[in-house]
1. What is the list of residues in the stretch A:392-427 whose amide nitrogen lies under 14 Å from a point 7 angstrom out from the Cα of A:Thr806, following Cα to Cβ?
2. Just subtract the alpha-carbon distance of A:Thr681 and A:Arg529 from 0.36 nm times their residue separation and send over the number in nm, one decimal.
3. Working out 0.36 nm times the residue gap between A:Glu702 and A:Glu37, then minus their Cα-Cα distance, what length gain in nm do you get to one decimal?
4. Based on the Cβ-Cβ distance from A:Met441 to A:Lys494, what FRET efficiency comes out when R0 is 56 Å, to the nearest 0.05?
5. Among A:Val438, A:Gly405, A:Tyr393, whose Cα sits farthest toward the positive end of the charge dipole of the stretch A:393-444 (+1 at Cβ of Lys/Arg, -1 at Cβ of Asp/Glu, about the Cα centre)?
6. Can you give me the relative contact order of the stretch A:750-807 as a percent, contacts being Cα pairs under 8 Å and 6 or more apart?
7. If you count the DSSP beta bridges with both ends in chain A, what percent of them are antiparallel, to the nearest 5?
8. Using the Cβ atoms and a cut-off under 15 Å, what net charge is assigned to the surroundings of A:Asn8, where Lys and Arg are +1 and Asp and Glu are -1?
Amino acid sequence: MNEQEFKNRYVKARRELIKLSFSHLNNMQREAVMTTEGPLLLLAGAGSGKTTVLINRIANLLRFGRASDSTDIPETAGEEDLHILEAAAADPDFNEMAKARRLCALEPCEPWRIIAITFTNKAAGELKDRLENMLGPEARDIWALTFHSACLRILRRHSEKLGYGSSFTVYDTADSQSVMKAILKEMELDEKMFPHRSILGYISRAKDEMQTPQEFLAQAKATGDIRRQRIGECYLAYSNRLKDNDAMDFDDLIYNTVRLLEEHKDIREYYQDRFRYVLIDEYQDTNNLQYRLATALAGGRGNICVVGDDDQSIYKFRGATIENILSFESRYKNARVIRLEQNYRSTGNILGAANALIQNNQARKGKELWTEKERGEKLLLYVAQNENDEAQYVSTRLLEGFAAGINWRENAVLYRMNAQSNKLEYAFKRNGIPYRIVGGMRFFDRAEIKDILAYLCVINIPHDDLRLERIINTPPRGIGGKTIETAKLIAQEKGTSLYNIVKNAREYPQLSRSFAKLMDFANMLDELREASETVGADELFDLLIEKSGYIRALEAKLSDENRAKIENVRELKTNIISYIKDSGDSSLSGFLDDVALYTDLDSLNADTDCVVMMTMHSAKGLEFDNVFIVGVEEGIFPSARCMGEAEEMEEERRLCYVGMTRARKTLTLCCARQRMVFGTTSSNKPSRFVDEIPSEYIERNESARNDDFLSGSYSRPYPVFNTKTEGRSFGTEGASPQKKRGISPPAPSSAAAKGDFKTGDSVNHKAFGSGVITKMTPMGNDCLVEIEFKNGAKRFMLRAAAPQLTKE
DNA sequence: CGCACCACAATTTTT
DNA sequence: TTGTGGTGCG
């Protein structure tokens, strides 16, 4: 046997054996797992087992290194080794399997040399969990992080190179907005002409193109664009303000990391050497900066694997550029492309419809999902009379499903705009359907949570002027706007922080009127900061609540709203405790860093059995047995905004594709002949997307109903009830401030529309089974009915529930 | 300084 | 229709 033949047989046997380790994957998945070297584009269709591939690929790297993708063999390899490999590859029960596997390894990768970057904390967390489950504790050394947390980690080590302190703060969107508002005020720019949000949009785009304020201004001057010049001045002022406060916004985290890597050879080489393998998830959602970051990190060995689906690119408005995925092959020479097209989620009909729809797009790589599953049920288009009919239809279907043994949580209702959730909410409440809304107001966006976090920030870093200003008079302690204004001015003159002025208020005659209050405040902060050096973040939290009197102030006026706020603040402590438990770090700064990038805790305690409602954007990455997409009408979906814009229209179509491919078993589309949008009624045609689905996949069902039940009183607001229903809350029940609604006074007439039910009646509900009516409260020309079922009490509006109810 | 009232606008969202 | 932000009064 000559050397070449030996080598070929060795490599072949080794590859075969590694294959056996991944025999549970399909061919394409396995190919992706075993392609370890060089640039790799993984086009992973919806439901194609993308995360499984990612995890197995990492497992392969740790166990076998580059062996599956290399023709190199160890110098020490001898004929005996070859025999072991060949024997093992031929016989899964080979008795020296462990030894054979060890022979397969070629430079196995240390876990800390792998970085896997995702977009959301949820995705990063999921990745971490699944890696640890598969690989054990060594998986903890893998950098499985979001773009932002990875950058934060890098920047904390090198921030001084960029002129920041090592304990710089991170501003969230709201912080950025308040800074921009202040700047606009100072520059006396009209909010009408220069809305702060759109200015921030320009800044974000400039950063994405790595344009400095100076360059932005120069360019604006060159073109003579006055408006752009003003914006450039805002950009400059904004950058300076953040710099002065030693703060970075979300974009800066990435922008500065890219600068750090591009401008500092030593640092770049350190990371390029460290990270042998770079993986980027959801590549279709990356923007230019993120592309440059990935390129910089992978620049050493060129082992970059990006995973994405061009057909699911729905975040253009947020700066994502589909170009990144479309031009991967031309940007990275020798790139290999692997398509994962086998779908493990949906039935044949759902996939057929989705494939047909997405084929109408031009800008795509081309990919067709297929499945081994049965065709399943056809999709259904329900044409409702109006949005109430639509909501009632979905409710009825959900009740039918529940009666047939389907858990609520297996259903999702998806829509284009959050505003559409309202009518559905009312219908669900009337019908006693428990639901949960994803999105909307988030836990960390709530005023009370931001307040407490602001306290913690200031305790951590006293010169955090922005946060200090937020809490200086929250709860009210008699420090008014005038005082704050004066103190800020002095601080500016002296070139010091607001905190220093407040602390030494006695020295400034301008502040004489309120210096005692200011100093009390500063003393409180000092005491807390002192405490923070000895106690953990959880204990500090208790001290903070005590000393600041925050909860006491809320308790003074115990409205429903304040009750909910108090509960939320207490909930925050749960967060602190779970952070400490998960990370083993009880330091305040650690918690704050984590929280700065962590806004989405909703998903964490999503364990109650509820129907899930959300936008199609939020639904990306999720799956449900039964999916309802509502508002499938021209002008709503696709939205009126993108009419005539071919590119935008394609993005809407991708959004539709994303929505449809969430469904495992059934998919129902709903549209209404008439709909109230923003207070005015309009009638829209069914969406063009419906027409793009061939009739072999979809059935149509016109609304047959046309009674007063639909057109009459239903659009009126109804009181909030149903004990099992969660509102727009962060998990634990009832933690959200209940919305105040105009509750119409009970009308004298108790015109219980259908049938003649009365208190004490035994009834049977189609979905909830038998029960007894315990209470009936007339309301308007309807009636609130409370029924005691075996599994607890429920409340309904009689008109909605009547079709489901029979007397026993 | 807090609250009530009016004008106004209004996809999609993560960090 | 709903929520928000700004202004003006008590």
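The values are calculated or read from the model by the stated rules, or taken from the named source; none is laboratory data. Keep in mind the model is a prediction, meaning the values are calculated, not measured. Please note: Cβ atoms are built from the backbone with ideal geometry, for glycine as well, and neighbour counts cover all protein chains shown. Side chains included, ligands, DNA and RNA excluded: accessible areas come from the protein's heavy atoms. Shrake-Rupley method; radii C 1.70, N 1.55, O 1.52, S 1.80 Å.
1. Once the point is set 7 Å along Cα→Cβ of A:Thr806, nothing inside the stretch A:392-427 turns out to lie under 14 Å by backbone N.
2. Details: separation 152, 0.36 × 152 = 54.72 nm, distance 5.66 nm.
Taking 0.36 nm per residue and subtracting the Cα distance, the gain is 49.1 nm.
3. Details: separation 665, 0.36 × 665 = 239.40 nm, distance 5.51 nm.
Full extension from A:Glu702 to A:Glu37 adds 233.9 nm.
4. Numbers: r = 39 Å, r/R0 = 0.70.
Using R0 = 56 Å, I get an efficiency of 0.90.
5. Going by the Cα projections, it comes out as A:Val438.
6. Details: 115 pairs, mean separation 20.9, N = 58.
Relative contact order here is 36 percent.
7. Values: 26 of 78 bridges.
In chain A, approximately 35 percent of DSSP beta bridges are antiparallel ones.
8. The answer is -2.
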